[in-house]
1. Could you please give the count of residues in the range 668-712 that are assigned to a helix (DSSP H, G or I), over 13 Å from A635 (Cα atoms) and among the basic types (K, R)?
2. If I filter the range 81-100 for residues that are in contact with a Lys or Arg (Cβ under 9 Å, 6 or more places away or on another chain), touching a residue at least 60 places away in the same chain (Cβ under 8 Å) and not in a helix (DSSP H, G or I), do I get at least one hit?
3. Across the range 40-80, what is the total count of residues that are charged (D, E, K, R) and either in contact (Cβ under 8 Å) with a residue 60 or more places away in the chain or in a helix (DSSP H, G or I) (or both)?
4. Scan the range 570-585 residue by residue and report those that are in contact (Cβ under 8 Å) with a residue 60 or more places away in the chain and part of a loop (DSSP other than H, G, I, E, B).
5. Given K568, K583, which one is over 23 Å from P495 (Cβ atoms) and surrounded by 14 or more Cβ atoms within 10 Å (Cβ to Cβ)?
6. Would you please name the residue that is surrounded by the fewest Cβ atoms within 10 Å (Cβ to Cβ), looking only at residues in the range 164-192 that are assigned to a helix (DSSP H, G or I) and in contact with a strand residue (DSSP E or B) (Cβ under 8 Å, 6 or more places away or on another chain)?
7. May I ask you to verify whether D382 is surrounded by fewer than 14 Cβ atoms within 10 Å (Cβ to Cβ), acidic (D, E) and either closer than 24 Å to A309 by Cβ or touching a Cys at 6+ places or on another chain (Cβ under 8 Å) (or both)?
Amino acid sequence: MFAGNSLSISMHEGGIAELKFDLQGESVNKFDSKTVAELGEAITLLENAADLKGLLISSGKGVFVVGADISEFVPLFESGEGAGAHLTVNNTNFNRIEDLPVPTVVAINGYAMGGGLEIALACDFRVMSSAAKIGLPETKLGIIPGWGGTVRLPRLAGADTAIDWIASGKEQRADAALKAGVVDGVVAPDELHASAMKVLQNAIDGNMPFAARREQKKSPLKLNQTEAMMVFETSKAFVLGQAGSNYPAPIIAIECMQSAATKGRDEALAIETAGFEKCAQTEAAKSLVGIFMSDQLIGKAAKGWAKKADKAVERAAVLGAGIMGGGIAYQSALKGTPIKMKDINQAGLDLGLTEANKLLSKQVNRGRMSVEKMGQVLASIDPTLSYDNFDGLDIVVEAVVENPKVKNIVLAEVEKVVSPDAVIASNTSTISISYLANALERPENFCGMHFFNPVHAMPLVEVIRGEKSSDTAIARTVAYAAAMGKKPIVVNDCPGFLVNRVLFPYFAGFMNLLKDGADFQVVDKVMERWGWPMGPAYLMDVVGMDTGHHAEQVMADGFPDRMTKTFKTAGDVMFENDRYGQKNGKGFYVYELDKRGKPKKVVSPETYELLAPHVEEQKDFDKDEIVARMMIPMATEMARCIEEDIVGSVAEADMALVYGVGMPPFRGGVFRWIDSIGVKTFVEMCDKYAHLGKLYEATDTQREMAATGKSYY
């Protein structure tokens, strides 16, 4: 009946049409402009089919529809215009499906996200595979559902469910969807098509009336004024407390549902479109959609490297157990790659196994893993005190103490026991990969693989190319990091690599503020309100003052013109007084265990007493000055990293900060932040604070960009 590039219509017996999504040349189905146009043509044929009795909507792929083609929205967000018109065509398509004079059933397999769920909501009945997941994740992109999600979901499943699903943006499993009344049945994957056809036939035969439920979706919500007020106002207060004012989309979504509660479908959809347009004009949406696109870019780059790998990593090892080694072993085993965990003493192995066991137990306690699965994962971690059977490994990750002499000894030692083609990667956070390679006979098989702590929680892995690292070593390491569920980004060797190189100028800005009389608590609060998950004092406590002290010296040696200290810093004072942070219970803050056994920071008067002789008298700073003095050093150093080709693109640079140190996603990274205020404004800000030193000097390239009106993206 119809055969396009994105979908087709075939006829079954008894007047049943099946509209099947199967986007050619793609692994998933999505609503790009061509698919939307073809869907309109297909619906016209269905509307004019004289013998049509019912419609089944299905997918020819392993997933249903993953949503809109976000890349097509990017120009709309950049201009802030045209989003509503872009939505209208597919909104009309979904309304036409909902208004067909015959019953409609959708068979949901794999994923039905965003627009994929919204077309399902436009149908009369939804049958879902037990292995499928559905959801409306738009608020995670700073926008709201735009094809009827805020209209049909509350009318189908109730306002409470709709608010929860849309504001959180979470994926929902089949059992939750059935319980919420969003789907009508859940069946085994191999029974999905037959079951959906059976439901459709029952509807055609009049055994499952569809007119009443269709009318329910097109009518106002069945809530009186008091009920509506309670539901929506309470939800707004709760969601604002969770999301904060920096993420406006969840609140806008609730406001749309509230305004549309008394309206019919078409008026309600107009309210939703206006809400979508409002979101599209926010900096948060531009940043979050930008992050989505950048995430796809780094994922594509990782896949490109993985394709170049000469072999898959099937057997791995980590040297040095402890917290970091245990975390690496846990992550590798969890994702299916067996791993040896070697240490020089049993106490180290015990610590590493305890770490892995603790992380797995949490999964079991939260119902995310069975005890049997936990046993399988633990069994694939092989603790050892010897190098026995290391000759069969594909990759070895060195994670011993951050000391170049120790690392050189261990690296030379392990190279002698592995096969000639094994890749050795160092989990160093600061030490030059090219320098460490001098200890090896096969430096081409060596590179950096820098995990961030805690390993299980932090997505980023920096894969560092030394002067002699081969493409084969980089490719295999990237492939292994991706197999571990991480976000690998390849960077070139330099002191601190990428993330630490730009993080320590940020800390230097903090030290300067404290020297000039700023209160560390105030700075923490300002930067947390700006969006960072923790302020700089708290972050230094988490990193560890001893770790920071070592890394700071590495950075000063590498970049003496701008990172050499000219005064005793607050960090030095903490270090000299054995206040190492969380690891020994005292730093800028002191740490006590809360009821759940987690360290809770408490303000210590002693900190102020220790700092007093080394800082100016405490005074107030404007919050904009605090932000500028903290962020300029990070931003100028990151610009140098781009200009020196340490990292391949501004997108990778921004994602490294988001995934490595928690740069606020709604800011989009350093370069999106600079673009949001304008490069010219940023350079003027640098000039205002240039008296503070070279870290505050804009680069020549930035000055050229400012003069010519260029931006980073």
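1. 3
2. no
3. 5
4. Passing the criteria: none in range.
5. The conditions single out K583.
6. Checking each candidate, the answer is D175.
7. no
Residue-by-condition table, conditions (1) in contact (Cβ under 8 Å) with a residue 24 or more places away in the chain; (2) closer than 19 Å to P495 by Cα; (3) touching a Ser or Thr at 6+ places or on another chain (Cβ under 9 Å); (4) basic (K, R):
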residue	(1), (2), (3), (4)
V543	yes, yes, no, no
G548	yes, yes, no, no
E552	yes, yes, yes, no
A556	no, yes, yes, no
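The values are calculated or read from the model by the stated rules, or taken from the named source; none is laboratory data. Note that this is a predicted model, so its numbers are computed, not measured. Glycine gets a Cβ as well: all are built from the backbone with ideal geometry, and neighbour counts include every protein chain shown.
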